[in-house]
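Please read the structure below before turning to the comments.
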Amino acid sequence: MQGYLKRILTARVYDVAVETPLELASDLSARTGNSILFKREDMQPVFSFKLRGAYNKMAQLTPEQLQRGVIAASAGNHAQGVAMSANRLGCKATIVMPTTTPQVKIDAVKHFGQRAVEIVLHGDSYSDACSHAYALEKERQLTFVHPFDDPDVIAGQGTVAMEILRQRQAPIHAIFCAIGGGGLIAGVAAYVKQVRPDIKVIGVQTTDSDAMARSLKSKKRVTLNDVGLFSDGTAVKLAGEETFRVCKKYVDEVILVNTDEVCAAIKDVFQDTRSILEPAGALSVAGAKAYAKREGLKGEALVTVCSGANMNFDRLRFVAERAEIGEKREAILAVTIPETPGSFRKFCSLLGKRNITEFNYRYADPSAAQVFVGIQVKDQSETSDLIDKLQRNKLPALDLSDNEMAKLHLRHLVGGHAPDAKDEILFRFEFPERPGALMNFLNSMSHNWNISLFHYRNHGADYGRVLVGMQVPRQDKKALKTFLDALGYRYWDESDNPAYRLFLG
């Protein structure tokens with residue numbers, strides 16, 4: 001292992017890479033009671049640390065090897081590093097990428113490689129792409145540039161640790177790194193444990209892509225049958241042989257986090273930096289939060305390597321949906337209320353002044369109503385207290401906050417036809433999104449009109465949108481007009497909307 005210290009100190013990375021900042025995350029530090037520091041590898045020219053290892057490997061190839069060209073397999077970030085390095089060194093590169101790779105990464109490889117790169121899409125994961133790349137390596141007599149399982153690549157990634165220790169002279173409790181194949185953490189651990197062995201080096205993986213965690217526990221490399229693809233940058237079925245050897249010797253532990261916790265971490269980084277990390281890039285932050293909570297840490301310095309920011313823009317909708325749940329700041333509940341006038345109002349009053357983030361309800365049964373509701377809470381204990389309160393008031397409640405099907409699908413499917421909803425009319429409202437606005441809306445509604453449909457979701461905008469179905473007798477039309485005028489919100493009568501007739505009416 002002593003050889004890694006020299007390799008890292010003499011690594012050739014700064015022809016293309018930059019020394020990235022080590023920044024204090026003020027908001028997150030205040031919330032956790034610790035000094036959380038972001039090592040901003042998302043600020044590299046290719047928006048990822050992978051450039052370091054790729055260039056260090058390629059810069060040490062012979063002129064003959066460069067002349068024949070190189071080949072690499074990558075989920076995206078290593079590919080961009082190889083592409084930029086090939087362009088800089090004037091050699092051809094073939095990049096094999098999984099078919100699941102975000103388009104933003106494919107486009108970036110083309111951009112950084114310019115005319116030097118050929119892209120081949122193959123398989124669903126990095127491991128599938130890697131097998132195909134090895135076949136092409138032999139067929140075309142190319143030099144394989146491994147994304148993690150190579151001493152020169154590991155040494156290049158280790159320069160991240162060299163910078164961290166140079167940038168922060170004060171004590172550091174632990175450094176957190178995302179793990180896919182293990183190149184980054186192997187390089188960081190090999191350097192840190194030679195120079196500052198008192199600092200913990202902790203890996204972070206997702207619960208559905210935990211090959212290294214399982215391997216360290218089993219004391220031998222474990223191959224996963226499949227991997228989760230949300231954190232595509234760490235979707236690796238088998239950890240590297242060399243990275244496993246180094247991690248087994250130097251890594252203190254591996255923390256596992258779920259998708260919602262990663263989404264919460266992406267939001268944490270955004271709130272502190274106004275930058276958006278990809279899921280793999282935010283893994284270290286999610287791990288540091290989980291570790292600090294588990295250990296009850298206060299006043300410690302925790303460094304998180306923010307390893308990448310190559311994410312498709314259209315994934316942000318999913319991240320935003322799940323961030324509050326990951327932080328345990330939103331509870332998703334299914335509540336059964338009696339289908340009688342006033343019960344809806346009683347339910348809302350029991351929620352108190354809590355902010356409602358989502359409300360889905362459709363009349364289906366003359367005796368009971370099923371409501372799907374999202375509520376902003378401080379933590380898990382507040383969710384438990386609220387459920388107890390509802391139960392005591394004979395409103396059975398089920399916590400769906402960890403129910404993947406409910407979060408992914410059910411919330412968008414609550415509804416259907418209601419043939420027994422007589423005299424139903426449908427209105428769409430816009431109202432100013434401020435604390436209590438939804439409750440004010442509900443309190444303004446007459447007790448005499450049964451609510452037969454209700455859909456609301458907080459979109460983070462400065463106005464809210466509600467779709468409401470009400471059973472209003474024909475003789476109450478004048479009273480309805482008075483109510484709508486007094487309410488003062490913009491509204492549209494959707495009763496004749498063909499989409500309503502097809503799916504809800």
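When ranked by the protection proxy of mean other Cβ atoms within 10 Å per residue, highest first, what sequence do the peptides 281-287, 261-267 form?
Numbers: 281-287: 32.1, 261-267: 26.6.
So the peptides 281-287, 261-267, ranked by packing, come out 281-287, 261-267.
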Which length gain, in nm to one decimal place, applies between LYS394 and LYS478 when the Cα-Cα distance is subtracted from 0.36 nm times their residue separation? 26.7 nm
Just in the range 157-258: which chymotrypsin sites (Phe, Trp or Tyr not before Pro) are loop by DSSP and have at most 10 other Cβ atoms within 10 Å? none
Of LEU61, ALA79, THR143, whose Cα points farthest to the positive end of the dipole of the range 53-144 (charges on the beta-carbon: +1 Lys, Arg; -1 Asp, Glu; origin at the Cα centre)? LEU61
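So if I place +1 on the C-beta of Lys and Arg and -1 on the C-beta of Asp and Glu, and nothing else carries charge, what would the dipole magnitude of the range 325-503 be about its Cα centre? I want it in debye, nearest 20.
Details: 24 positive and 23 negative charges, 84 e Å.
Here the range 325-503 has a charge dipole of around 400 debye.
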How high is the FRET efficiency from ARG168 to LYS138, r the C-beta distance, R0 56 Å, rounded to 0.05? 0.80
Please list, in chain and number order, the residues 5+ apart from LEU453 or on another chain whose amide H is under 5 Å from its amide H, with Hs placed from the backbone. TYR363, GLY469
Which FRET efficiency value, to the nearest 0.05, is calculated for GLU430 and SER275 with the Förster distance at 25 angstrom and r the Cβ-Cβ distance? 0.20
For the range 276-431, the charge dipole (Cβ of Lys, Arg +1; Cβ of Asp, Glu -1; about the Cα centre) points to a positive end, and the Cα of SER307, LEU283, GLY352 closest to that extreme belongs to GLY352
For the range 19-36, Karplus-derived ³J(HN,Hα) couplings (6.51, -1.76, 1.60; θ = phi - 60°; whole Hz; x for glycine and proline) come out as 7, 8, x, 10, 10, 6, 8, 4, 5, 5, 4, 5, 6, 8, x, 10, 8, 9
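Mind pulling the per residue volume of the convex hull built on the Cα atoms of the chain? Å³ is fine.
Values: hull volume 82.1 nm³, N = 505.
Taking the convex hull of the Cα positions in the chain, it is 163 Å³ per residue.
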Simple Cβ-charge dipole of the range 53-144, Lys/Arg +1 and Asp/Glu -1, about Cα centre, in debye nearest 20: 300
Residues of the range 173-197 with amide nitrogen under 13 Å from the 7 Å Cα-to-Cβ point of GLU23? none
By DSSP, what percent of the beta bridges with both residues in the range 53-144 are antiparallel, rounded to the nearest 5? 0
Report, ordered by chain and residue number, the aspartates and glutamates lying within cross-link reach of LYS50, taken as a straight Cα distance under 16 Å and ignoring same-chain residues fewer than 8 apart. ASP15, GLU19, GLU41, ASP42, ASP149, ASP150, ASP152, GLU163, ASP232, GLU278
For the range 8-71, take N as its residue count and report Rg(C-alpha) divided by 2.2 N^0.38 Å. 1.57
For the chain, what does the relative contact order come out to in percent, with C-alpha contacts under 8 Å and a separation of six or more? 12
Evaluate the charge dipole of the chain about its Cα centre and quote only its size in Debye, nearest 20, assuming +1 on the Cβ of each Lys and Arg and -1 on the Cβ of each Asp and Glu. 740
Students often get this wrong, so check it: of LYS394/LYS422; LYS39/LYS298; LYS353/LYS478; LYS298/LYS407; LYS267/LYS289; LYS193/LYS267, which have C-alpha atoms separated by over 24 Å? LYS394/LYS422; LYS353/LYS478; LYS298/LYS407; LYS193/LYS267
Which one, ALA213, TYR126, SER384, is farthest towards the positive end of the dipole of the chain when Lys and Arg carry +1 and Asp and Glu -1 on their Cβ? ALA213
MRE, 222 nm, helices only [DSSP H, n ≥ 4, -39500 (n - 2.57), over the chain, to nearest 500]: -12500 deg cm²/dmol
Those chymotrypsin sites (Phe, Trp or Tyr not before Pro) from the range 1-104 that are DSSP loop and have at most 13 other Cβ neighbours within 10 Å turn out to be TYR14
Once both labels are modelled 7 Å past Cα along the beta-carbon direction, what's the LYS220-LEU410 spacing in nm? 4.2
Efficiency of FRET from Cβ geometry, ASP485 and ASP124, R₀ 60 Å, rounded to 0.05: 0.60
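Find the Cα radius of gyration of the range 53-144, compare it with 2.2 N^0.38 Å by division, and give the number to two decimals. Don't jump to the answer; show the numbers that get you there.
Values: Rg = 11.8 Å, N = 92, 2.2 N^0.38 = 12.3 Å.
It is 0.96.
Multiply the residue separation of ASN448 and ASP107 by 0.36 nm, subtract the distance between their alpha-carbon atoms, and state the gained length in nm to one decimal.
On the way: separation 341, 0.36 × 341 = 122.76 nm, distance 5.81 nm.
Length gained, ASN448 through ASP107: 116.9 nm.
We did not get these values from a lab; they are worked out from the coordinates using the rules stated. What you see is a predicted model; the values in this text were computed from it and never measured. Positions of Cβ are generated from backbone atoms using ideal geometry, with glycine treated the same way; all protein chains shown enter the neighbour counts.
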